[in-house]
Amino acid sequence: VPLSFSEITVMMLTLMLASKGIAGVPRSALVVLAATIPSFNIPVAGILLLMGIDHFLDMGRSAINVLGNGIATAMLSKNEGLLTDEEAQPDWEAEKAEA
């Protein structure tokens, strides 16, 4: 389906607004696409092509979300003084002794 630059821009902004807040919901990207794509006269059948690989893409999105949440938690704890430098460093020797 050929689209003009303005149509692509409107689609991008619409999808950005529609997908706000779905980062923590697994497999929700297909739901947002299925709800938004018909408004741009694009066949919904194209979503079927994405269903095959979305499982793998979703694992990547979830991993990045978990990593970002962990980093944000560590940074806030450090900023609030709840996490000292000693606590922030991994104790490799203790892990070797347990193994």
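The values are calculated or read from the model by the stated rules, or taken from the named source; none is laboratory data. Quantities reported herein were computed from a predicted structural model and do not represent experimental measurements. With ideal geometry, Cβ positions are generated from the backbone for all residues, glycine too; neighbour counts draw on all protein chains shown.
Quick look at the values:
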quantity: Candidate set: segment 83-99, residues that are hydrophobic (A, V, I, L, M, F, W, C), without any contact (Cβ under 8 Å) to a residue 12 or more places away in the chain and loosely packed, with under 11 Cβ neighbours inside 10 Å; chosen: the one nearest to Thr14 (Cα to Cα); calculated: Trp92
quantity: Segment 40-68 residues that are surrounded by 10 or more Cβ atoms within 10 Å (Cβ to Cβ) and of a type outside the set (D, E, K, R), paired with ones that are at pLDDT below 85 and not in a helix (DSSP H, G or I) (beta carbon under 7 Å, 6 or more apart); calculated: Ile42/Val1; Ser62/Pro26; Asn65/Ala23; Asn65/Gly24
quantity: All positions within segment 56-99 that are at pLDDT 80 or above and basic (Lys, Arg); calculated: Arg61, Lys78
quantity: Residues that are basic (Lys, Arg) and either over 15 Å from the mean Cα position of the chain (by Cα) or over 27 Å from Leu30 (Cα atoms) (or both), drawn from segment 59-84; calculated: Lys78
quantity: Complete set of residues in segment 19-39 that are under 14 Å from the mean Cα position of the chain (by Cα) and either in contact (Cβ under 8 Å) with a residue 12 or more places away in the chain or over 30 Å from Asn69 (Cα atoms) (or both); calculated: Ser19, Ala23, Gly24, Pro26, Arg27, Ala29, Leu30, Val32
